[in-house]
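Student: This is the structure I have questions about; it appears just below.
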Amino acid sequence: MPPNPRPIPHFIADSTQEGIPHGRFAERLGEAFRKACAELADLPSGVEAAEELEWFPERTWGGRVWVPCAARTDGPEGTIELFGHVSYAQPEEGEPTDLRAAADFTDVLAEDNPGWKIDLNDEVIGRWRGENGRAGAVTLVWGRPLVQGAVAATAELELETVDQEVVSDGRFTLLALDALEGYGDDIFMQVKLWSRRAQELASESLYA
């Protein structure tokens, strides 16, 4: 076969191994996430993450495990969603180490946007560099289907599938390249939902 004119990496992250955190480990992750929330400079006074956090399936990339999170709480002008992730190093033996958390918040909620088919959050966690200045953003994406029947989610770049995962308990996590540079026009990720019969149920850009 001839050389690939766009040799970008596909499926760069490990598939989820542990699924959605629970028990004492979820509590440990929650402590790190709440601390990151408390350090948000522009979070309204008195607002903090609720005791019940919504965890998403973990993905592993770059020697770290990444676990997204979301939480609803009351703000001075209505409901706020806190969101972010906790990452950690997982040695071959022993407990996870080097926990790091990032958090942000929004008052733009899925229930206020009936046209949404997927409720998405994302964050760039790294950078991929190709030949001749070509590059892309390694991006963690997590979300909830807002349509019935979704069993899998994919990340696509111009119809090339670069990641996929099952939907677990109404949640999914993807980790793939986004915002490719140096291939003419910039190329952005599309997140798609699929039914058990491999029918496309929804497609959303991270930039909609």
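Student: Can you list, largest first and rounded to whole Å, the semi-axes you get for the stretch 113-208 by taking the square root of 5 times each eigenvalue of its Cα gyration tensor?
Tutor: For the stretch 113-208, the ellipsoid semi-axes come out as 25, 12, 12 Å.
Student: Report, in degrees rounded to the nearest 10, the 0 to 90 angle that the Cα long axis of helix 23-38 makes with the longest principal axis of the chain.
Tutor: Relative to the chain, helix 23-38 is tipped by roughly 90 degrees.
Student: Something else now. Which whole-number percentage describes the relative contact order of the chain, with Cα contacts under 8 Å and a sequence gap of 6 or more?
Tutor: About 17 percent, as a whole number.
Student: About the Cα centre of the chain, what is the dipole size in debye to 20, counting +1 per Lys and Arg Cβ and -1 per Asp and Glu Cβ, all else neutral?
Tutor: Value, rounded to 20: 580 debye.
Student: Arrange Ser87, Ser203 by Cβ neighbour counts within 10 Å, fewest through most, would you? Could the numbers behind the result be given before it?
Tutor: Details: Ser87 25, Ser203 14.
Least crowded to most crowded, the residues run Ser203, Ser87.
Student: Let me ask you something else. Along the charge dipole of the chain, pointing to its positive end and built from +1/-1 on Cβ of Lys, Arg, Asp and Glu, which listed residue (Trp116, Leu53, Val191) has its Cα farthest out?
Tutor: Val191
Student: When only Cα pairs under 8 Å and 6 or more residues apart are kept, what is the percent relative contact order across the stretch 23-107?
Tutor: Taking the mean separation of contacting Cα pairs over the length of the stretch 23-107, I get 27 percent.
Student: Give, in nm to one decimal, the length gained when the segment between Arg127 and Arg197 is fully stretched (0.36 nm per residue of separation minus the Cα-Cα distance). Could the numbers behind the result be given before it?
Tutor: On the way: separation 70, 0.36 × 70 = 25.20 nm, distance 3.44 nm.
Extra length from Arg127 to Arg197 when fully extended: 21.8 nm.
Student: Under 8 Å for C-alpha pairs, at least 6 residues apart: give me the relative contact order for the stretch 115-205, rounded to a whole percent.
Tutor: About 29 percent, as a whole number.
Student: Could you list the square roots of 5 times each eigenvalue of the Cα gyration tensor of the chain, that is, the equivalent ellipsoid semi-axes, sorted largest first and rounded to whole Å?
Tutor: Calculated on Cα positions only, the semi-axes equal 28, 21, 18 Å.
Student: State whether the stretch 57-166 is rounded, prolate or oblate according to the following rule on the C-alpha gyration tensor (a ≥ b ≥ c being the square roots of its eigenvalues): a/c under 1.5 gives rounded; otherwise a/b larger than b/c gives prolate, and the remaining case gives oblate.
Tutor: Since a/c reaches 1.5 but b/c is at least a/b, the shape of the stretch 57-166 is classed as oblate.
Student: Can I ask one more? Using the crude model of +1 on Lys and Arg Cβ and -1 on Asp and Glu Cβ, and no other charge, please compute the dipole size for the stretch 115-205 relative to its Cα centre, in debye to 20.
Tutor: Details: 9 positive and 16 negative charges, 73 e Å.
With Lys and Arg at +1 and Asp and Glu at -1, about 360 debye.
Student: What FRET efficiency comes out for Glu31 versus Met1 if R0 is 30 angstrom and r is the Cβ-Cβ distance? Round to the nearest 0.05.
Tutor: Given R0 = 30 Å and the Cβ-Cβ separation, E is 0.05.
Student: A further question follows. With the crude spin-label approximation of a point 7 Å out along Cα→Cβ, what separation in nm comes out for Val108 versus Arg64?
Tutor: The modelled label-to-label distance comes out at 2.5 nm.
We did not get these values from a lab; they are worked out from the coordinates using the rules stated. Because the structure is a prediction, the values reported are computed rather than measured. Ideal geometry is used to build each Cβ from the backbone, glycine not excepted, and the neighbour counts take in all protein chains shown.
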